[in-house]
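Heads up: the structure comes next, in structure tokens.
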Amino acid sequence: MNRTSTEEAIIFAPRGRDGAVACAMLREAGLGARAVPDLPALVTGLRGGAGFAILTEEALRGADLRGLVDFLKDQAEWSDFPFILLTERGGGPERNPGAVRFLDTLGNVTFLERPFHPTTLISLARSARRARLRQYEARARLDDIRAGREGLELALAAGGLGAWTLDVATVTLTADNQCKAHFGRGADDAFSYDELLTCIHDDDREDMQRAVRHSLDTGADYDVEYRCCWPDGSIHWVQINGRVEHDPVGAVTRVVGVSHEITERRRVEARQAALLALGDGLRQMTDAADMSILAARILGETLGVDRAGYGVIDPLRETITIDRDWNRPGVKSLAGILSFRDYGSYIEDLKRGDTVTIADARQDPRTRKRAAALEAISARAVLNMPIVDNGDFVALLFLNHGQVHDWPADDLAFVRDVAYRTQAAIERHHAEQSLADLAATLERQVEERTRERDRTWQNSQDLLAVVAEDGRFIAANPAWTTILGWQPNEVVGRDHLAFSHPDDQALSDDAYHRVQNGDLRQYENRVRHKDGSYRWVSWVASFGEGRVYASGRHISAEKEAQLQLEGAQEQLRQAQKMEAVGQLTGGIAHDFNNLLTAISGSLELMQVRVAQGRSAEIPRYVDAAQQAARRAASLTHRLLAFSRRQTLDPRPISINRLLIGMDDLLRRSVGPTIEVEIVGAGGLWTTLLDPNQLENALLNLCINARDAMAGEGRITIETANKWLDRKSAQDRDLPPGQYVTLCVTDTGSGMDAETIERAFDPFFTTKPLGEGTGLGLSMIYGFVRQSGGQVRIYSEVGQGTTMCLYFPRAHGADAGDETEVAGMAPRSAESGETVLVVDDEAAVRMLVTDVLAEHGYHALEASDGPAGLAILESSARIDLLITDVGLPKGMNGRQLADAARIRRPDLKILFITGYAENAVIGNGHLDPGMHILTKPFAMDALSGRIRELIG
């Protein structure tokens, strides 16, 4: 049927100019009209859409009207097409029997006898048009009703709900297919009210009927949960909600409602309740036998088996001694001593620590020959779970059933849970507080999992809404009032973004468009309350029939709890950081006091020996002071590595190439009794690293692994390419992306959780006194983090340790092996070659200028940046600028160098610094002609670098 709403008239008056005259009259009166030449054109026009039709009697007389009759038969339920039939003089139905035939054929027809006044025709035409418009309005109302019904059916289906109606007068139950499915019936199966009563569990039928009577007597809503028996014999739980409807005089006419299968929810609730009851009982018991029989009873009742209990095992005699067990009424106890071999061969599995599950003793090969003996003790189905203490098979938890019974994985998990809780209670029956915490946790889990879900539209505690394709709300449930203060009629008709927080509107609009291409599983945003505040809501949604069906859960409390948790975690991290600072400060003070004692003592004795004239002993003190100074330099380098402020020389390298070059060194370092295996991944990506620092880190890890293995074992060094998605990267405190991993695994003693937690703390060591500084792993951690990577430890006590280093992938070619030019021949300075030395430490300036003078260079000195800049802006010849990075008076070394390059663009510059200040040297990237030498440095290293730079 055509869906247009046209008001145009179609005129079929083929004789003479009747059609043209009628069209002109209607158009002059403001009514649309068009004439058709023949009957087929009339039918085509009617099917295309029209407001009414004007026909002449002579045009229809004797014509084949079957096409017109078919059009009238095809009308929709809302349509009764109006006709105006122009009859000849004396042609009214009362005086023209032939006109009666047209009345029967056309139905909604008005006769107008010719000749007529034009105003009469116009009046009838307008009346026919008004009648047609009312029909269009009826069609629109029917469409709205149909759309509402379809939307409700879709919402019910989305929530897994079935619909039903009970006619009270006739006790007739009408259920949709989903509702029938909740009772194990197919779509074509009959399902009457008597059949409903029959399938309800015997223990629940009376409660169900009492609830029905209460609703009919009081008009209260019908809300009940009960068990039903499916035709296959299985037991299922359903939740039924209904509302009583009355006729105009107040009499009850019917009850309408929804059904929802809640078998899984009730099963979870039953098990949680069982665990809760177990916890309550165990807290009040101190006798192991009482605890065991309590656990057995809970297992038997919850899983619906015939028997459950504990027994003590004699592994040599292969017997079980049962003091007492729980048995369903009518089932005989197994108390006494039983031999496993009398009932099959599954004792071998139990000795290995395996749980034995037998669904049917007649079919299982371990019990097939002894099935009769098992059936005689009501144990055709068996579950035996060994209890091991210190590696010994000492007890058994058993469940028996007289009929075939499967043991699904969730049943096994539940049995293990009960067994572990009971065993823990027996071993620690005095730990009342611990058990109380466990019970409280279980209560919270029960409360969370018993929260009503998938309620009907009216009863749902979640926000439910239907949104049209243009983004406007079509419907909203009463939860909008409960949660957000908005009446449903205040929500309907408004855009979905009208309630979204301004900061969330872009993401909310994106989520709305995404759901139109597929289901939206989770989206969170802030929704405005009527009082102007905002509530956090978590949404799921689906799309169908041009509409979005959304369900939102109020999560403001969870968000607040998350913020509190994050705050507590931040406080914990701050406390740990302060503890690390304390350890670091104490360790530095201890080690540097020792080193300063060696240096100052050697210098003091050198002074004494010079005064005594005993110069032969001076070299010994010089060596001691230099050795202490080198140890101090090494310590500062380790501390800078830990603090991630060491000077790095990163370059694109292949870790596989580096491993090949270190192979001999690593094997010599760990000794001949340690097996070293290197597994390099094929096609390993390049990474940007300081190769010297990586070599030190790898050597340190291998030496730690050697020490953990007490002289023998295996070290495996592996490389790999890794893609880290958002979750994996978050677990490792890294941004998502591509990484290269270097892992060192040993077969040593492993670490416990406490050791892993403190492994990277400065000066923390598990080695004997004097065998470790406690800075090795701290240095590795600082180097890796400074390189943009991460370190993770995977270890268990007695199972060895794996240290994994993650480095970001670098898109560049491997720099290859770079060989430093050593042993450069000394070169004397040319006449006039001048070096400007800028350092705020006078002793450093003295040493540098002495080295320069020794090699024939002219030296200029400045103690701060402005003084150095003044010399640079003079006309003095300067071939090289040597400057500290950290300088006083508002100008650091990098700023001085940049200022010098403006006036002297080719000036060569050597930075000397105690640590690499990234903000000053440009995050490790220096301009051409700029170099770094890290303090402390040897004088020959300084002189070599000066010769290299000046040429």
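Between the DSSP loop rule and a limit of at most 16 other Cβ atoms within 10 Å, which chymotrypsin sites (Phe, Trp or Tyr not before Pro) in the range 96-145 are left? The qualifying sites are Phe116.
Across the accessible surface of the range 9-143, with the other protein chains kept in place and a 1.4 Å probe, carbon and sulfur atoms take up 52 percent. Counting only the Cα atoms, the range 160-266 fills a convex hull of 97 Å³ per residue. Annotation: Cα Rg of the range 460-554 relative to the compact-globule expectation 2.2 N^0.38 Å equals 0.96. Per-residue surface analysis assigns Glu873 an accessible area of about 100 Å², computed on protein heavy atoms at 1.4 Å probe radius. Ranking of Tyr794, Tyr343 by solvent-accessible surface, largest first: Tyr794, Tyr343 (1.4 Å probe, protein heavy atoms only, all chains present). Restricting the range 493-560 to GluC sites (Glu not before Pro) that sit in a DSSP loop and have at most 15 other Cβ atoms within 10 Å of their own Cβ leaves Glu545. Residues whose amide H comes within less than 5 Å of that of Gly748, counting only those at least five positions distant or on another chain, are Gly800, Thr801 (H built at 1.01 Å from N in the peptide plane). Solvent exposure of the range 647-808 amounts to 47 Å² per residue of accessible area, where only protein heavy atoms count and the probe is 1.4 Å.
For the residues Met291, Met606, a 1.4 Å probe over the protein chains yields an accessible-area ranking, largest first, of Met606, Met291. The order of Ser234, Ser875 by accessible area, most exposed first and with a 1.4 Å probe, is Ser875, Ser234.
Taking every protein chain into account, the accessible area of the range 460-554 amounts to 49 square angstrom per residue (probe 1.4 Å). The alpha carbon gyration tensor of the range 834-950 gives principal lengths a ≥ b ≥ c with a/c below 1.5, which makes the shape rounded. In this label model, Glu88 and Arg368 are separated by 10.1 nm, measuring between points 7 Å along each Cα→Cβ vector.
Share of carbon and sulfur in the accessible area of the range 834-950 stands at 52%, probe radius 1.4 Å.
Shape class for the range 287-420: rounded, because the ratio a/c of the largest to smallest gyration tensor axis (alpha-carbon atoms, square roots of eigenvalues) is under 1.5. Within the full protein context, the accessible area of Cys23 is estimated at about 10 Å² for a probe radius of 1.4 Å. In this view, the solvent-accessible surface of Lys889, computed with a 1.4 Å probe and all protein chains in place, comes to about 150 Å². How many percent of the accessible area of the range 647-808 is carbon or sulfur, using a 1.4 Å probe? Answer for the range 647-808: carbon and sulfur cover 49 percent of the accessible area. On a per residue basis, the range 259-337 carries 46 Å² of accessible surface, using protein heavy atoms and a 1.4 Å probe.
The values are calculated or read from the model by the stated rules, or taken from the named source; none is laboratory data. Computed from a predicted structure; not experimentally measured. All Cβ positions, even for glycine, are placed from backbone atoms using ideal geometry, and neighbour counts span all protein chains on display. Heavy atoms of the whole protein, side chains included, go into the accessibility calculation; ligands, DNA and RNA do not. Shrake-Rupley method; radii C 1.70, N 1.55, O 1.52, S 1.80 Å.
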